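A short write-up of the structure that comes next.
Throughout, read-outs are computed from the coordinates displayed, never taken from laboratory work. What you are looking at is a predicted structure, and each value in this text was computed from that prediction instead of being measured. Heads up, the Cβs are rebuilt from the backbone with ideal geometry, glycines too, and the neighbour counts pull from every protein chain shown.
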């Protein structure tokens, strides 16, 4: 049996833990870390109540609906303990032991330390309770059978907090912790296979984001978004403000910058940039010589493309694609224009878009959509011209590719 002294010490410990959880500095740190983890993006419906959940997540297997993680005691996490919250982050298991679907990035969040998990928990419990029952997922058979997740976890889940690399600097390790843990950057920048997982051997090598039809470029390839020849300043500006001298963010990455990265400190953004810049370059990359068919396609489309570019694009991006910094990015020697995948430049011409409004770029300039004014042939022509003019080494774009992306979702 417990002695009176033991019971007293136990109660004192509980009081201390509760006081610590309610400490404003802990809550503020938790809010910062929740921003770093981009929790709002998934757990808050646009224009909805903070952390009330219910946002639909379209996947190749059906639709998942994000859970309520507000402080509500009936429909949120108000009755959870800090230990239960950490178990969920660390193992991908809910309070009742149910396996979570990997749309929740627990394979990355497992790297989060217990102290940081406790701070996020304290912050979430400080938010207003939102009484909103969770919505059941709508997954096709057999993907609605959670028992299959045991196999998925054996292949793609390796529990364990981040362990610093003692051969690297404190700054590098901080960047690695944010990128590999809370930032869960591999979820987009590593190709997702038919099982909804990604291979560690292909980390950061880029891939098409399923359903959304945006291409997350490789962070290891200098033919895509490899950052080996970027300055730390340019990388930091892109992540924190959404624009830099090398380009701007659009599509899903714009949402990441808007909801998450713009709120990180200059020191943390720099640490992320330092880590990303050291990612190993993909070995053996060479330019593939254009075939006769590719050259013919380029030659047939480029004259029309130049005519459209001069009429519609040169005013902002300049006659030789040099751009007009800081608001209009260059298209000449722009890696995002020349990637193997032409999805992103096609979508930008069709749908237009704005860089996110951020604290460091509160009034972003944008690009109008041309889907209504240009035909598939014209879009293919102008994107082909942009990808191959001024020394760019991209490949031509087909009319079929353009047509397939006309109906793609805008997010």
Under 10 Å, Cα contacts only: if you run a Gaussian network model on the chain, which one of 23, 96, 376 comes out with the highest mean-square fluctuation? 96
Classified through the alpha carbon gyration tensor (a ≥ b ≥ c as square roots of its eigenvalues; rounded if a/c is under 1.5, else prolate when a/b is larger than b/c, else oblate), region 149-215 comes out oblate
On a C-alpha basis, how far is the centre of region 162-199 from the centre of region 35-110 in Å? Whole number, if you could? 20
Each label point is 7 Å from the Cα along the Cα-to-Cβ direction; what then is the distance between the points at residue 234 and residue 161, in nm? 3.8
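Please work out whether the chain counts as rounded, prolate or oblate from its C-alpha gyration tensor, where a ≥ b ≥ c are the square roots of the eigenvalues and a/c under 1.5 means rounded, while otherwise a/b larger than b/c means prolate and anything else oblate?
On the way: a/c = 2.11, a/b = 1.92, b/c = 1.10.
Prolate, since a/c reaches 1.5 and a/b exceeds b/c.
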What is the fewest-to-most order of 174, 246, 140 by other Cβ atoms lying within 10 Å of their Cβ? 140, 174, 246
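Assign one of three labels to region 292-405, namely rounded, prolate or oblate, based on the Cα gyration tensor with a ≥ b ≥ c the square roots of its eigenvalues; rounded applies when a/c is under 1.5, prolate when it is not and a/b is larger than b/c, and oblate otherwise.
Prolate, because a/c is 1.5 or more and a/b exceeds b/c.
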Distance in nm between label sites at residue 318 and residue 299, each 7 Å beyond Cα in the beta-carbon direction? 3.1
Label-point separation in nm, residue 200 to residue 377, each point 7 Å along Cα→Cβ: 5.3
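Within a 10 angstrom radius of the beta carbon, how do 349, 179 rank from fewest other beta carbons to most?
179, 349
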Just to be sure I understand: of the beta bridges DSSP finds with both ends in the chain, what percent are antiparallel, rounded to 5? 95
